[in-house]
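The values are calculated or read from the model by the stated rules, or taken from the named source; none is laboratory data. Treat the numbers as computed from the prediction; the structure is a model and nothing was measured. Please note: Cβ atoms are built from the backbone with ideal geometry, for glycine as well, and neighbour counts cover all protein chains shown.
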Amino acid sequence: MIVDQQAVREFEETIRKDIPKFKVAFKDKSWLMKVCGFLTRPFNAEFMTRFTTTMGNTVYFATQEKYGARLDGTLRILAHEYIHLYDNKQHPLTFQPSYIFPQVLALLPALAFMILAWPWSWLVLVPAVAYVLTCLIAMGSRTVSLIFLGLALIGFGVGAWWLVGWKLLVLLGGLLFLIPWPAPWRTKWELRGYSMNVAFAVWWGYWSDDVRERMVPHFTGPNYFFMCWSGSRVRTALDQAVDKVRTGELAKEKPYKTVHDFLYERRLLGR
């Protein structure tokens with residue numbers, strides 16, 4: 001399927017009709033993304049180079065060069081991110097908090113610990129500093145960085161217990177939320193986004209079991225912090241999306257309809 005720069009620009013304008021503040025930016029030129037890339041290095045070393053990220057109304061591509069290298073891919077990525085932009089617009093108070101649930105719950109025990117152990121409230125900074133050091137070490141070796149983090153947390157637990165006693169259990173309880181537990185809402189939002197990927201694969205005629213199997217690790221692996229532990233559940237959801245695309249049901253549902261109609265009007269709808 002041949003996609004030119006004009007089609008990409010027109011699609012961006014189509015998104016802006018729905019999301020007026022939408023814009024495209026590039027990770028290698030954003031300090032915010034560089035910080036995010038540093039903090040995600042222990043579990044997603046390719047955040048800055050391989051993944052496109054939507055934050056607020058901005059879609060961050062890795063670089064401007066990659067944005068313009070394969071325009072058919074750029075269009076597919078923009079369509080995927082458009083789903084997130086739309087969902088954020090429809091659920092402005094819950095989309096982002098639910099996306100980082102349950103890990104976001106770690107903030108509550110941390111706050112409770114600071115109140116209960118006020119003179120020693122600065123101890124909450126120790127795990128944070130340990131994680132920053134872990135990120136630095138991960139630039140060389142992810143395995144070594146995780147070993148360091150484990151040892152640092154054990155040492156912190158022993159020392160902090162001596163200082164504050166049982167109050168440390170509150171903080172340790174909060175740290176448990178940072179384990180890569182299943183994230184049902186993050187899985188839900190990403191399944192909506194990947195349903196757009198499925199639609200393109202069906203419309204453009206390249207859907208296959210291999211394509212599906214390449215999508216599954218995004219849900220079960222470290223890229224999205226192990227948001228779903230069940231590969232079979234993801235496969236079932238993706239197969240259901242295929243059925244909705246083939247029956248035309250998905251193309252009747254916003255914002256998928258907007259994308260479908262855009263492709264149809266420009267003869268970019270392969271099937």
Handout entry: Qualifying positions in segment 10-63 - within 16 Å of Thr258 (Cβ to Cβ) and basic (Lys, Arg)
Key = Arg16, Lys17
Completion exercise
When every residue in segment 92-108 that is surrounded by 14 or more Cβ atoms within 10 Å (Cβ to Cβ) and farther than 17 Å from Cys228 by Cα is compared, the one nearest to the chain's Cα centre (by Cα) is Gln96
Exercise for the section: Assess whether Ser195 counts as being buried (at least 19 other Cβ atoms within 10 Å of the Cβ) and assigned by TED's automatic domain parsing to the domain that holds Leu93. Expected result: yes
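Taking the options Asp209, Asp261, name whichever one is surrounded by fewer than 18 Cβ atoms within 10 Å (Cβ to Cβ) and over 17 Å from Ala79 (Cα atoms). Please lay out each step first, then the result.
Numbers: Asp261 fails: over 17 Å from Ala79 (Cα atoms).
Selected residue: Asp209, the only one of Asp209, Asp261 that is surrounded by fewer than 18 Cβ atoms within 10 Å (Cβ to Cβ) and over 17 Å from Ala79 (Cα atoms).
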Handout entry: Subset tally (residues that are out of contact with any Cys (no Cβ under 8 Å at 6 or more places or on another chain) and in contact (Cβ under 8 Å) with a residue 40 or more places away in the chain) for segment 231-250
Key = 8
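Quick one: which of Asp239, Asp243, Asp209 is in the same structural domain as Tyr86 (by TED's automatic domain parsing) and either more than 30 Å from Asn44 (Cα to Cα) or in contact with a Gly (Cβ under 6 Å, 6 or more places away or on another chain) (or both)?
Asp243
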